[in-house]
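A quick write-up on the structure given underneath.
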Amino acid sequence: MNCIIVDDEKMARVIIKTLCKSIKSLNLVQEFSSAIDAIKYLNENQIDLIFLDIHMPGFSGLDFIKTLKNPPKIIFTTADPQFAIEAFEYDFIVDYLLKPIELPRFIKAIKKAEKLSLSQDKFDIKINNSTDNDFYVNIDRRLIKIDLPTIYLIEAKGDYINIKTDEKNYVVHSTLKKIEGKLPDSLFLKVHRSYIINVKKIIDIEDNSVLIKKDVIPVSRSNRPELMKRLDLL
Amino acid sequence: MEKPNLEYIEKLSRGNESIRNELINVIKTEFPNELKKYHISAKNIDFKQIEDNVHRIKHKFSILGLETSYETANNFEKSLREHRLDNAQKEYFENVLEVISEFLKTI
């Protein structure tokens, strides 16, 4: 994660810089003694995480976050416990560290930020209907086009779905319910609470299951009539 | 009155001499400037400025392990926010500043 520090006190910046060095996944790209300078920087650069002091002369950390159009994740580093409630009103506030910051507490905050990155950025699904034949998923901040006819199976995996295509599989943070609405009825059918299949890819059907590629997928009793209706039976 | 110590700095630097020296150098450079700014604001009885300076300085209290002094600085800051200049709090705070100034000469 690329991060910056915004704190008017040099000692505080040096401490956070020292703590950052202990964490391999953190790349400290810049530090600012003034919130205004940080805003200018953020207008031209994209970063993942800000360590932000609240009590700064002239322009507080809380004023600062109100100016951000597309805020990255923020960890407050402050000596003021009284702002915690207000700070957590913002979704992008990851944690609230009280000075002097100890390494174990710092590590805990970074883990929270990383976890949030995984759920919000890395695996976040952003399905945009481009045509009837494809959609896009956001993986690692790249929008990847998936051709609908190549999908043969979508399976629920906890908070994620696994989209299996002829080429490869895509694990994205979403639900079957969310993706179901984006898929054409002519191709896809939910046959079980955990599975949506491409009916054109069915190889064979047994009583309570279908074979798609090498996957045997259960068919729930309530969905079986709809499945049978979709098939071109001789 | 409690005595300053380098426990936090030692813990943070984890035996790395250059990190330890950097932290000590920063505190030795930054503290006298903050002290000067505090005294100017106190002389001018500028509540907002005094409050800002007390806030910045109190972080040094906690870095130097002065837990009780940190709490009294918190109370002093709160009084200033309410535009009250409590002489007992001010005197205690300034005594701590002197103790720190003397301590920094020894490290």
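General remarks:
- For peptides B:2-10, A:8-16, sequence by mean Cβ density within 10 Å, most packed first: A:8-16, B:2-10
- B:Lys48 versus A:Lys182: modelled label distance in nm, points set 7 Å from Cα along the beta carbon direction: 4.9
- Helix B:17-44 axis, angle to chain B major axis (alpha carbon atoms, nearest 10°): 10
- Global geometry of segment A:2-122, whether rounded, prolate or oblate, following the gyration tensor of its Cα atoms and the 1.5 cut on a/c: rounded
- A Förster radius of 35 Å, combined with the Cβ-Cβ distance separating A:Ile36 from B:Glu10, puts the computed FRET efficiency at roughly 0.50.
- Shielding score for B:17-23, defined as the mean number of other chain Cβ atoms within 10 Å: 2
- Relative contact order of chain A, defined on C-alpha pairs under 8 angstrom at six or more residues apart (%): 10
- Distant-in-sequence amide contacts of A:Ile139, defined by a placed amide H-H separation under 5 Å and a gap of 5 or more residues or a different chain, comprise A:Ile144.
- Neighbour-count order for A:Cys3, A:Cys20, fewest beta carbons within 10 angstrom listed first: A:Cys20, A:Cys3
- Karplus-derived 3J(HN,Hα) values for segment A:54-66, using 6.51 cos²θ - 1.76 cosθ + 1.60 with θ = phi - 60°, are 8, 8, 10, x, x, 9, 7, x, 6, 5, 4, 5, 6 Hz; glycine and proline are entered as x.
- Taking every alpha-carbon pair within segment B:7-106, the share separated by more than 21 Å comes to 33 percent.
- Beta bridges assigned by DSSP with both partners in the protein assembly as shown are antiparallel in approximately 65 percent of cases.
- With contacts taken as Cα pairs under 8 Å and at least 6 residues apart, chain B reaches a relative contact order of 31 percent.
- Label-reachable residues, segment B:1-41, where backbone N falls under 15 Å from a point 7 Å from A:Lys10's Cα toward its Cβ: B:21-37
- Close amide-amide hydrogen proximity is noted between A:Phe188 and A:Val199, each under 5 Å apart and 5 or more residues distant or on a separate chain (H modeled in the peptide plane; Pro and chain starts excluded).
- Set A:Lys10/B:Lys78; A:Lys145/A:Lys229; A:Lys40/A:Lys182; A:Lys17/A:Lys40; B:Lys3/B:Lys28; A:Lys157/A:Lys201 screened for pairs whose C-alpha atoms are more than 28 Å apart: A:Lys145/A:Lys229; A:Lys40/A:Lys182
- With R₀ fixed at 51 Å, the C-beta to C-beta distance from A:Asn27 to A:Glu206 puts the FRET efficiency at about 0.45.
- At R0 = 30 Å, FRET efficiency that the Cβ-Cβ distance of B:Ser101 and A:Phe88 yields, to 0.05: 0.20
- Rounded tilt (10° steps) of A:103-117 against the dominant C-alpha axis of chain A: 40
- Expressed per residue, the C-alpha convex hull volume of chain A stands at 155 Å³.
- Residue exposure sequence - A:Glu31, B:Glu17 - by fewest surrounding Cβ within 10 Å: B:Glu17, A:Glu31
- Chain B: angle of helix B:87-106 to the longest principal axis, Cα-based, in degrees nearest 10: 20
Values quoted throughout were computed directly from the atomic coordinates according to the rules given, and no laboratory measurement underlies them. Computed from a predicted structure; not experimentally measured. FYI the Cβ positions are ideal-geometry reconstructions off the backbone, even for glycines, and counts take in every protein chain you see.
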